[in-house]
1. Taking residue 27 as the residue in question, decide whether it is modelled with pLDDT under 85 and buried (at least 18 other Cβ atoms within 10 Å of the Cβ).
2. If you go through region 144-162 one residue at a time, do you hit one that is out of contact with any helix residue (DSSP H, G or I) (no Cβ under 9 Å at 6 or more places or on another chain) and either part of a loop (DSSP other than H, G, I, E, B) or modelled with pLDDT under 95 (or both)?
3. Having 3 or more residues that are under 20 Å from residue 93 (Cα atoms) is the bar; report the helices (runs of 4 or more DSSP H) wholly within region 1-71 that clear it.
4. Output the qualifying pairs, or none if there are none: Cβ atoms under 8 angstrom, residues six or more apart or on different chains, first residue in region 55-76 and more than 10 Å from residue 42 (Cα to Cα) and in the same structural domain as residue 42 (by TED's automatic domain parsing), second residue modelled with pLDDT of 85 or more and in a loop (DSSP other than H, G, I, E, B).
């Protein structure tokens, strides 16, 4: 059981949730009580990981989830058990895979590395959005929406806290885009603004001057857009 737990592509958090969902199908009575005690110990170790960011504690969590639960079995049970997938897996897996792909693309690592190393680290650093500044930076860097921030931090995606973090992250991304646009956005705003509510505020002299400088202005705008891209 222990070697299988270490070989699967799952974090101890997900492994705990899966076994917790399935253990009542095969254990009962005193065996079930002992199994849940080991799962509780595993959850305690996972809490220490989040609190200290010391991922060596994952080993003790996995030991309890796998070997501990297996040791709770006192008798053989015949027949065949249909386990099925965990109820949380379909949507949770999709969200996790999307977040892992975003992180992998931005960080220049494999999706597997993002899923097994970076996501758990970010989850510990931004747990329940307690470090708000770091959570905003994470959302901005990896272009996360409410669902993705909620997944990593363990917060509810419908909370105002998560919504405000995502809004601020979007604002920061826009500011960075403008900063690296080479003035392209400012040029567009000036051209569209004009001096009056009904016109573009351009005199005949201005029009002549603009016509004479069209080529030069076009070159400047193109350079800015190229730099932005």
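1. Details: modelled with pLDDT under 85: yes; buried (at least 18 other Cβ atoms within 10 Å of the Cβ): yes.
Taking the combined requirement at face value, the residue satisfies it.
2. Start the filter on region 144-162 by keeping residues that are out of contact with any helix residue (DSSP H, G or I) (no Cβ under 9 Å at 6 or more places or on another chain), which leaves 160.
Still in the running and either part of a loop (DSSP other than H, G, I, E, B) or modelled with pLDDT under 95 (or both): 160.
Within region 144-162, one or more residues are out of contact with any helix residue (DSSP H, G or I) (no Cβ under 9 Å at 6 or more places or on another chain) and either part of a loop (DSSP other than H, G, I, E, B) or modelled with pLDDT under 95 (or both).
3. On the way: elements: 2-7, 12-22, 29-52, 58-63.
Result: 2-7, 12-22.
4. Between residues of region 55-76 that are more than 10 Å from residue 42 (Cα to Cα) and in the same structural domain as residue 42 (by TED's automatic domain parsing) and residues that are modelled with pLDDT of 85 or more and in a loop (DSSP other than H, G, I, E, B), there is no close pair.
The values are calculated or read from the model by the stated rules, or taken from the named source; none is laboratory data. Computed from a prediction, not measured in an experiment: that's the story for all the values here. We place every Cβ from the backbone using ideal geometry, glycine too, and count neighbours over all the protein chains shown.
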